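Read the structure below first, then the notes.
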Amino acid sequence: MTNNHAKTSRLPGFYRHDLPRRLDLIRHAAELSDEAARHLEGGGGITPNVADVLSENVIATHGLPLSVAVNFRVNGRDVLVPMAVEEPSVVAAASNAARIARLCGGFTGDADAPVMTAQVQLDGVPDPHLAEALVAANKEALLARGDGAIPSMVARGGGCRDLEVRVLCPDTGVVVVDVYVDVRDAMGANIVDSVAEAMAPHVQELIGGDVGLRILTNLPLRRLVRVSVRLSLDPVGGRDLAEGIVRASRFAELDGRRAVTHNKGIMNGIDAVAVALGQDWRSIEAGAHAFAGMGDGYRPLATWRIDDDDRLVGELVMPMAVGTVGGSTRAHGGVRAAFEIIGIRDAGELGVVIAAAGLASNLAALRALAGEGIQEGHMRLHHRKAAVTREQAEAEARAGSRG
């Protein structure tokens, strides 16, 4: 991985240390800059003035805990994984699953080129099927028009790569042109929207009809990420537990209702990392569930099998539109610090690590379900949080009585 500062993600007993000591360990492990360290020591949030720039109708800020999942090894490199989430079991579960995975080499994965999809919709096209031929015949000229709208991206090696025409309704002449744009290390939403708006009038000149929407789709089918892990059975907890994980996986493959919760567990890890790193987690969620719903029914994003070598093998495939530039990656001090912690500047590598966090979360959930049940560990952490809430309420009541 490029620019991964973390020398090791294996920090035994990390959760047992107090908060200042944990921050000190991360500062040294990730070689944080003084700016990032000061930001985190100060609480890691943002001021209302910064919040007012990031959003609308701001009245205050609303914080989330910023945690670090440890033990992750991805494609042969250790990586510390920041997570912003209010549920403690997410971080604990991902770290524990990553510890099991690293005993067997960790996670491996790859990502497609960072290609996003812009859509140009037209209604009332007189001859929809002729439109397909006309657009195909003028493909290079149309792609050049799209590139003209994003010169900076083209200069960085990105730009329009391909397009397709789909006739959605021949009777009413609804045609969509899908334009595939390499956005390099950006998430790419604004870039592909610019391409769609620039290309739309030229498509209309070719095929007629009325221009409709010109916007990205959050289902980037040419920007998939694939992550897998191969585990010896003993670290998982033995053959019986491993077979229980496989049965749970098969349940999700057979039943869409179970697959929803199976995938929710995956997104527990993915969303937490995405929020910490200032990604559009709503886009990631939308793309993930749309991808799971393609084909015959809703299916799990990750599956588990025991292979011929007696290894428990988990595999996850999903769209992953993330970026290391743009968005809030520079405006939010906490996001800048989180990027220093994870130490990744390449969007494809970032997608692989985020997906690995999802697969780790899935492993932890299925392992708990197939073993002790999900409630024992989950409720232990829940009771800890509830105890803190009670202590705060009691302290506020005492302060009120003194007033």
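The values are calculated or read from the model by the stated rules, or taken from the named source; none is laboratory data. Computed from a prediction, not measured in an experiment: that's the story for all the values here. A quick note on method: Cβ atoms are made from the backbone with ideal geometry, for glycine too, and the neighbour counts reach across all protein chains shown.
Residues of region 169-197 that are part of a helix (DSSP H, G or I) and out of contact with any helix residue (DSSP H, G or I) (no Cβ under 6 Å at 6 or more places or on another chain): Ala189, Asn190, Val192, Asp193, Ser194, Ala196, Glu197. For region 7-19, the set of residues classified as of a type in the set (Gly, Ala, Ser) and either surrounded by fewer than 12 Cβ atoms within 10 Å (Cβ to Cβ) or modelled with pLDDT under 95 (or both) consists of Gly13 only.
Residue under question is Val352, and the condition is that it be closer than 30 Å to Glu253 by Cα, aliphatic (A, V, I, L, M) and in a helix (DSSP H, G or I); does it hold? Yes: the conditions hold for Val352.
Among the residues of region 119-168, those identified as among the β-branched types (Val, Ile, Thr) and either part of a helix (DSSP H, G or I) or surrounded by 19 or more Cβ atoms within 10 Å (Cβ to Cβ) (or both) are Val120, Val125, Val135, Ile150, Val154, Val165.
Okay, residues lined up against (1) at pLDDT 95 or above; (2) assigned by TED's automatic domain parsing to the domain that holds Asn96; (3) surrounded by fewer than 16 Cβ atoms within 10 Å (Cβ to Cβ):
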| residue | (1), (2), (3) |
| --- | --- |
| Arg21 | yes, yes, yes |
| Ile26 | yes, yes, no |
| Ala29 | yes, yes, no |
| Leu32 | yes, yes, no |
| Thr47 | no, yes, yes |
| Leu54 | no, yes, yes |
| Val58 | yes, yes, yes |
| His62 | no, yes, yes |
| Leu66 | yes, yes, no |
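Asp171 passes every criterion in (1) more than 31 Å from the chain's Cα centre (by Cα); (2) surrounded by 13 or more Cβ atoms within 10 Å (Cβ to Cβ) apart from (2). Only a single criterion out of (1) of a type in the set (A, V, I, L, M, F, W, C); (2) touching a helix residue (DSSP H, G or I) at 6+ places or on another chain (Cβ under 7 Å); (3) more than 21 Å from Ala97 (Cα to Cα) is not satisfied by Ala69, namely (3).
For the condition without any contact (Cβ under 8 Å) to a residue 40 or more places away in the chain and either under 25 Å from the mean Cα position of the chain (by Cα) or within 29 Å of Trp281 (Cβ to Cβ) (or both), Arg166 qualifies. Scanning for something in the same structural domain as Asn362 (by TED's automatic domain parsing), of a type in the set (A, V, I, L, M, F, W, C) and over 22 Å from Arg27 (Cβ atoms), does region 76-92 turn up at least one residue? Yes, region 76-92 contains at least one residue that is in the same structural domain as Asn362 (by TED's automatic domain parsing), of a type in the set (A, V, I, L, M, F, W, C) and over 22 Å from Arg27 (Cβ atoms). Residues in region 281-290: is at least one over 21 Å from Arg226 (Cα atoms), in contact (Cβ under 8 Å) with a residue 60 or more places away in the chain and in contact with a Pro (Cβ under 8 Å, 6 or more places away or on another chain)? Checked region 281-290: no residue is over 21 Å from Arg226 (Cα atoms), in contact (Cβ under 8 Å) with a residue 60 or more places away in the chain and in contact with a Pro (Cβ under 8 Å, 6 or more places away or on another chain). The number of residues in region 321-357 that are over 20 Å from Gly76 (Cβ atoms) and hydrophobic (A, V, I, L, M, F, W, C) comes to 8. It is to be established whether one or more residues within region 251-261 are touching an Asp or Glu at 6+ places or on another chain (Cβ under 8 Å) and outside any loop (DSSP other than H, G, I, E, B). Yes: one or more hits. Residue count for region 186-220 under the criterion of being touching a residue at least 40 places away in the same chain (Cβ under 8 Å) and either among the β-branched types (Val, Ile, Thr) or out of contact with any strand residue (DSSP E or B) (no Cβ under 7 Å at 6 or more places or on another chain) (or both): the result is 16. When the helices (runs of 4 or more DSSP H) confined to region 1-111 are screened for residues that are more than 22 Å from the chain's Cα centre (by Cα), those reaching at least 3 such residues are found at 19-29, 34-41, 48-54.
Here Gly297 passes the criteria (1) at positive phi; (2) surrounded by 15 or more Cβ atoms within 10 Å (Cβ to Cβ) except the one numbered (2).
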